[in-house]
1. Restricting to segment 42-81, count the residues that are in a loop (DSSP other than H, G, I, E, B), among the β-branched types (Val, Ile, Thr) and within 19 Å of the chain's Cα centre (by Cα).
2. How many residues does segment 381-395 hold that are under 40 Å from the mean Cα position of the chain (by Cα) and either in a strand (DSSP E or B) or surrounded by fewer than 18 Cβ atoms within 10 Å (Cβ to Cβ) (or both)?
3. Assess whether Glu508 counts as being touching a residue at least 40 places away in the same chain (Cβ under 8 Å), out of contact with any strand residue (DSSP E or B) (no Cβ under 9 Å at 6 or more places or on another chain), surrounded by fewer than 18 Cβ atoms within 10 Å (Cβ to Cβ) and farther than 24 Å from Phe55 by Cβ.
4. I'm checking my understanding of the structure. Among residues of segment 442-475 that are assigned to a helix (DSSP H, G or I) and among the polar types (S, T, N, Q), which one is surrounded by the fewest Cβ atoms within 10 Å (Cβ to Cβ)?
5. For segment 351-368, what are the residues that are farther than 22 Å from Leu328 by Cβ and either surrounded by fewer than 14 Cβ atoms within 10 Å (Cβ to Cβ) or in contact with a Ser or Thr (Cβ under 7 Å, 6 or more places away or on another chain) (or both)?
6. Taking segment 316-348, which residues are within 35 Å of the chain's Cα centre (by Cα), basic (Lys, Arg) and surrounded by fewer than 21 Cβ atoms within 10 Å (Cβ to Cβ)?
7. Between Glu53, Glu2, which is of a type in the set (Asp, Glu) and modelled with pLDDT under 85?
Amino acid sequence: MEYGLTLTNDMRLVLGLVAFTMAMFLFERIRADLVALVVLVVLGVTGLVAPEEIFSGFSGNAVISIMATMILGAGLDRTGALNRLAGWLLRRGQGVEQRLLLMTTAIAGLNSSFMQNPSVMALYLPVASRLSTRSGLALSRLLLPIAAAIVTGAALTMVGNSPLILLNDLLVSANNNLPSGMATLEPLPMFAPAPVGLALLVASLLYFRFHGNRKLADGDSGGENATPASTEGYFARTYGLDGDVYELTVTAESPLVGMTLGEAETLRDAPMLLALKTGNDTRLAPPADMRIWVGSVLGVMGRREEVADFAQNHFLRMSSRLRALGDLFNPARAGISEAVVPPTSTFIGKSAREMRLRQRLGISLLAINRDKQVIREDVRSVALRAGDMLVFHSIWQDLAQAARSRDFAVVTDYPKGEQRPHKFKIAMAIFAFTIAVALFARLPVSLILMTGVAGMLLAGVLKMDEAYAAINWKTVFLTACLIPLGWAMDSSGAAAWVAGNTLDRLPEGTPPWVLQIVVALLTTGFSLVISHVGATIVMVPIAINLALAVGGDPTAFALVTALSASNNFMTASNPVISMITGPAGYSSRQLWRVGGPLSLLYALIAVTMVNLMFWGR
């Protein structure tokens with residue numbers, strides 16, 4: 001291929017579109033997806049991309065794969081998989097900060113290899129908040145290491161982030177402009193980047209273990225975010241509703257046998273009785289007249305020592321593992337909320353016992369905040385007033401349904417959609433099957449992922465409308481509209497022109513690995529300005545042409561580029577970083593101070609590992 005190319009009008013137009021895209025993304029005067037649409041229209045109208053192909057990006061494997069990973073992530077979220085994971089991490093971490101941090105970040109990194117990075121971060125934000133509250137570890141010490149693990153762990157597979165998903169489509173399209181006799185570029189298999197991703201993830205874990213965590217500790221704001229405003233922390237501070245949930249199994253010797261739940265609640269030092277299982281009848285917020293029998297299981301909440309004393313005094317077997325009531329107390333399905341009584345409420349003047357809140361609505365009243373006074377003693381007998389703040393424990397669905405009456409207004413954020421923890425095993429089985437097929441079958445990744453989506457929909461893990469809602473259409477639209485810009489960079493010769501001029505400015509005989517480092521740093525710089533998707537689409541054609549010019553492996557250069565497009569731990573142009581900046585209170589200086597060295601380490605490891613992978617090819 002000749003690289004002494006003359007700059008043609010088509011090249012000028014394509015490079016002008018690249019400059020326009022960068023400027024618009026940088027100054028944010030126009031929405032990014034609208035900018036992408038304008039670029040798409042110009043490419044079609046000017047004939048830089050054939051009219052019959054201009055919308056092919058919407059049906060490309062990359063876009064379908066992005067949509068599928070979003071839906072699969074939503075399916076796992078509906079089953080409460082991440083909430084189960086938070087509980088497991090707390091038990092295994094045993095309050096040891098370094099162990100908890102290492103386990104959380106490592107598992108977040110592994111999760112990100114099969115789900116879109118922002119989706120994983122969205123799932124881990126409440127997990128991190130809960131871990132911070134329960135362990136006392138500052139949220140700022142958790143979120144950046146988790147975000148870094150999510151970004152690096154995404155490189156374990158070809159579907160972990162948008163740049164790697166786009167890469168195969170860009171490799172295939174590059175075949176149209178290869179020199180005659182050049183071997184066809186083949187799409188990379190699902191786990192092709194796994195060695196690179198593993199090295200990057202381990203490096204991230206070690207970086208925060210021995211260096212980054214100290215920098216974050218130095219930058220802490222003196223406890224300002226040491227305990228985040230999570231639901232558990234708030235209710236513990238405001239109402240004294242701290243402690244954990246335990247199961248108490250009723251033995252034949254227990255005096256509770258034959259009592260009603262209402263009678264058991266009046267016993268001295270009784271914890272909060274939130275659930276009851278008798279035979280096949282399992283109730284959250286059981287009615288007061290429900291009887292307790294031998295073998296019944298009570299779900300109670302309180303401090304461990306107080307619950308243990310109550311269990312010992314009343315001959316109950318105590319267990320901290322929720323074997324019988326686990327699904328009921330899954331945070332994805334149920335929890336504590338706060339609601340205010342408006343002046344128009346029919347609740348005014350009536351007590352919870354009179355209204356039979358548990359029997360009619362499935363809601364337990366735990367406390368009342370009235371004129372800054374917290375009422376917890378015999379709370380179900382207190383007549384309610386306008387302005388009372390009520391503390392409930394309920395299944396979220398029951399709460400949402402009861403709130404429609406407008407007798408109270410819920411002020412706590414809670415999952416409005418239907419949660420399906422009983423579908424957890426089915427969802428995990430479908431997910432595992434999908435990954436196994438991707439590992440062994442020679443089918444397009446997009447088809448394999450959509451097979452998993454179809455399985456979750458058929459099994460009832462998700463409903464069709466929920467699948468639509470799970471898709472971030474802005475991301476899909478942005479990606480589909482920008483893909484033709486990458487095609488135009490290649491087909492117009494603009495990528496070859498940029499590659500040739502780049503080589504002219506470098507010393508003759510520059511080794512390919514040095515060029516890869518240049519490409520990696522340049523792509524990282526682009527990603528700070530035009531997002532990881534834009535950087536991938538612009539830089540992959542240039543990287544392939546650079547490889548052809550110096551006799552390097554085009555696939556290796558392209559892989560370095562796609563990996564480098566996500567190498568941004570410093571700015572909000574990385575959607576994962578933008579999600580944690582506010583909750584953790586990071587300053588720009590702090591992000592650059594901690595994330596800058598990690599980005600340099602990322603670039604060096606990515607180039608080194610890719611060269612080792614492609615050695616001798």
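The values are calculated or read from the model by the stated rules, or taken from the named source; none is laboratory data. The model shown is predicted, which means the values in this text are computed figures rather than measured ones. Neighbour counts run over all protein chains shown; Cβ positions are idealised from the backbone, glycine included.
1. 1
2. So the answer is 9.
3. no
4. Ranking the qualifying residues of segment 442-475, first place goes to Thr451.
5. Within segment 351-368, Ser351, Arg353, Glu354 qualify.
6. Correct list: Arg321, Arg323.
7. Details: Glu53 fails: modelled with pLDDT under 85.
That would be Glu2, the only listed residue that is of a type in the set (Asp, Glu) and modelled with pLDDT under 85.
Yes or no, residue by residue, for (1) under 21 Å from Ala23 (Cβ atoms); (2) in a loop (DSSP other than H, G, I, E, B):
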| position | (1), (2) |
| --- | --- |
| Ala499 | no, no |
| Glu508 | no, yes |
| Gln516 | no, no |
| His532 | yes, no |
| Ala549 | no, no |
| Leu559 | no, no |
